[in-house]
1. Could you check how many residues of the range 18-31 are at pLDDT 95 or above and either open to solvent by 60 Å² or more (accessible area, probe 1.4 Å) or within 11 Å of Leu51 (Cβ to Cβ) (or both)?
2. So for the range 67-85 (the condition being among the aliphatic types (A, V, I, L, M) and closer than 14 Å to Asp126 by Cα), does at least one residue qualify?
3. Could you check the range 177-195 and list, in sequence order, the residues that are on the phi > 0 side of the Ramachandran plot and either aliphatic (A, V, I, L, M) or free of Cβ contacts under 8 Å to residues at least 40 places away in the same chain (or both)?
4. Looking at Gly101 and the list (1) within 17 Å of Cys132 (Cβ to Cβ); (2) surrounded by fewer than 19 Cβ atoms within 10 Å (Cβ to Cβ), which single condition is not satisfied?
5. Count, please, the residues in the range 111-135 that happen to be assigned to a strand (DSSP E or B) and out of contact with any helix residue (DSSP H, G or I) (no Cβ under 7 Å at 6 or more places or on another chain).
6. Across the range 115-130, which residue is nearest to Phe82 (Cα to Cα) among those that are open to solvent by 30 Å² or more (accessible area, probe 1.4 Å) and in contact (Cβ under 8 Å) with a residue 12 or more places away in the chain?
7. Being of a type outside the set (Asp, Glu), closer than 23 Å to Ala190 by Cα and either open to solvent by less than 40 Å² (accessible area, probe 1.4 Å) or in a helix (DSSP H, G or I) (or both): is that true of Thr108 here?
8. In the range 81-98, which residues are outside any loop (DSSP other than H, G, I, E, B) and open to solvent by 10 Å² or more (accessible area, probe 1.4 Å)?
Amino acid sequence: MPDTDPTDLTAYAELHADAVAALRRWTATSPVAAANRDRTLALLAAGPVALTRTHRPGHVTASALVLDPTGERVLLCLHGKFHKWVQLGGHCEPGDRTLVGAALREATEESGITGLTVGPEPIDVDVHAVACQGGSLHYDVRFAVFAPAGATERVSAESDALGWFPPDRLPTPLAGGTRQLVAPALAALARRAAG
């Protein structure tokens, strides 16, 4: 990632345009996801600032549910700050050009797995409260990410642990909103396999 000033909004201009276009063309996977997509588009009307973690009303983030090639396991991290199992992901960074690219970057950084690939369309959008800036909202755009066969994960500084779990037996405590990613991620894997 280039060394860019995170307050330089021009560094987020391309990502902002991509986020708006991606969300406008996306067919939501549930009525709740559709409402959250519309809320996120309303937030993005503020311009590129809505992608920065300093935007107090909220900011867009990107996350990924990582699946093994068979769909028999999903990779989750035990988050170091709030001590719950959650999908990989986080803040957009200056220089991210696309939401899908930001999700793939986050998944790669947090899993330590090389060779990940990502589905081109979101699988969910979730809006939830976070402690950023003393209290804000994450408008989290979520993607399915696919690990290569034989992938070996490596815990990052942001996680206490990483673990592979069967989609129907996710660990506890589980962060709210993580379970709802399983069905659309498995559907994305099936579309990918059908190719």
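The values are calculated or read from the model by the stated rules, or taken from the named source; none is laboratory data. All values derive from a computational prediction rather than experimental measurement. Because the Cβ atoms are built from the backbone with ideal geometry, glycine has one as well, and the counts that use them run over all protein chains shown. Just the protein is used for accessible areas: all its heavy atoms, side chains included, with ligands, DNA and RNA removed. Shrake-Rupley method; radii C 1.70, N 1.55, O 1.52, S 1.80 Å.
1. Count: 7.
2. no
3. Passing the criteria: only Gly195.
4. Among (1) within 17 Å of Cys132 (Cβ to Cβ); (2) surrounded by fewer than 19 Cβ atoms within 10 Å (Cβ to Cβ), the lone unmet condition for Gly101 is (1).
5. Total meeting the criteria: 4.
6. Among those residues, the one meeting the criterion is His128.
7. Here the answer is yes, as Thr108 does meet what is asked.
8. Result: Trp85, Val86, Gly89, Gly90, His91.
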